[in-house]
Number of protein chains: 2
Amino acid sequence: MSGEIFITGEAKRTIDDRFRVTLPSEMAEVISDSDGNCILAKERSGCLSLWRAADWQKRIDDGVALIKQKIQTGRMESRWSDVQRLGRMLSTRYRTVSLANRSRLLIPEGFREFLEVPVNHDVMIVGAAICVEIWSPAAWLEALREDMPKFGPLFTELSA
Amino acid sequence: MSGEIFITGEAKRTIDDRFRVTLPSEMAEVISDSDGNCILAKERSGCLSLWRAADWQKRIDDGVALIKQKIQTGRMESRWSDVQRLGRMLSTRYRTVSLANRSRLLIPEGFREFLEVPVNHDVMIVGAAICVEIWSPAAWLEALREDMPKFGPLFTELSA
DNA sequence: TTGATTGTGGGTTTTGAGCCCAATAGGATG
DNA sequence: CATCCTATTGGGCTCAAAACCCACAATCAA
């Protein structure tokens, strides 16, 4: 993970009639490489994520390495959550996309239904530290309600 | 916490049609840095808070810096979904804002609905010792009614 | 080949944030 | 009481970003 980045910020955008979204320029800036390319992944229903290509690759490699190591040392039995996470990651369908004019993303066929947002409706663009996420408003509210109470403990734990 | 500050005071202001509020000059003075920047945070529905960037940093950015460092040194490999989740919550919870003319705050998109005060209506600006709070009148009354009875005991306890 | 549909790259319009200044109000001062 | 000063507020101007619109290319089907 190219660690210098830590993306935060929140913005509302609307999907135009051709399934395009304009990302906030700062986010587009950090997420895309010099050709304007990045990785679009299905995160969960109602949510897509955008990654720097290098980070995405690293994420997969690291995950694989981690699991291999655990299998070898016979520690797999108690860590099914990691296996699950990896499986999810690998089976998550993703593809490379390019941002037109450095900031306009066309949501490809196959990802549209997954996002569950109809044309000419709003999405939330959210910085998630290591990636940028695109949420349907409904899923976003749901996730907030679910995760907000965990904020304190999680912050304490991760920064310990 | 830069301990020399202890903000008190109360004022009524109205949010203008461009979502601007003018802070009492004494408060604006103490919470903003030399560039007029400070941190705006979502406190609870109906209440926003303003912090000196330096103080906020003590609370949050130190932790973020630590997490960044952990990411860089590869100590977050198995925690990426948690990092994502945390980043997401950080994104919605706060952002840095700058005060125009040293005292006028533009309430950003995303914080407006949270405050629940329509344009051209009043808010209460309240000094809360270490930060400045912006309350919707309804939430303010509610909080007062809730907290007032505790004031005596609390004051006695804290000043003992 | 033709026409419809979708992707792509512009351009233009509109919106909103930042900045500035003017008008008002109210307090302090001489 | 007259004057000055400063805090607050309202509104205008400008610029950049976002939304909107259109023209063209590519693809595919009839």
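Relative contact order for the stretch A:93-157 using alpha-carbon pairs under 8 Å, separation at least 6, rounded to a whole percent? With pairs under 8 Å counted, the relative contact order is 17 percent. Taking the fewest neighbouring Cβ atoms within 10 Å as the starting point, the ordered list for B:Ser78, A:Ser25, A:Ser34 is A:Ser34, A:Ser25, B:Ser78.
Inter-chain Cβ neighbour count for B:60-73, averaged per residue, equals 4 (cutoff 10 Å, partner chain atoms only). When the square roots of the Cα gyration tensor eigenvalues are ordered a ≥ b ≥ c, the ratio a/c for the stretch B:64-103 is 1.5 or more and a/b does not exceed b/c, which makes its shape oblate. For the stretch A:1-41, the alpha carbon positions stretch 36, 23, 18 Å along the principal axes, listed from largest to smallest. Annotation for A:Pro24, label-to-label distances across the other copies: 3.2 nm (shortest first, one decimal, point 7 Å from Cα along Cα→Cβ). Shielding by partners for peptide B:109-116, expressed as the average number of C-beta atoms from other protein chains within 10 Å of each residue's C-beta, is 1.
In chain A, Cα pairs under 8 Å separated by at least six residues give a relative contact order of 38 percent. When each of the peptides A:5-11, A:67-73 is scored by the mean number of other C-beta atoms lying within 10 Å of its residues, the order from highest to lowest reads A:5-11, A:67-73.
Mean per-residue shielding of peptide A:143-149 is 2, counting Cβ atoms of other chains within 10 Å of each Cβ. Of the three principal axes defined by the Cα atoms of chain A, the extents in descending order read 52, 36, 30 Å.
Note on the protein assembly as shown: Cα-only Rg and Dmax are 22.1, 66 Å.
The ratio of the alpha-carbon radius of gyration of the stretch A:92-160 to the globular-protein estimate 2.2 N^0.38 Å is 1.36.
Give me the percent relative contact order of the stretch B:43-119, please, defined on Cα pairs under 8 angstrom at least 6 residues apart. Please report the intermediate quantities before stating the final value.
Numbers: 22 pairs, mean separation 39.8, N = 77.
Computed value for the stretch B:43-119: 52 percent relative contact order.
Read-outs throughout are calculated quantities, based only on the coordinates presented, and are distinct from any laboratory measurement. No experiment lies behind these values; they were computed from the predicted model shown. Because the Cβ atoms are built from the backbone with ideal geometry, glycine has one as well, and the counts that use them run over all protein chains shown.
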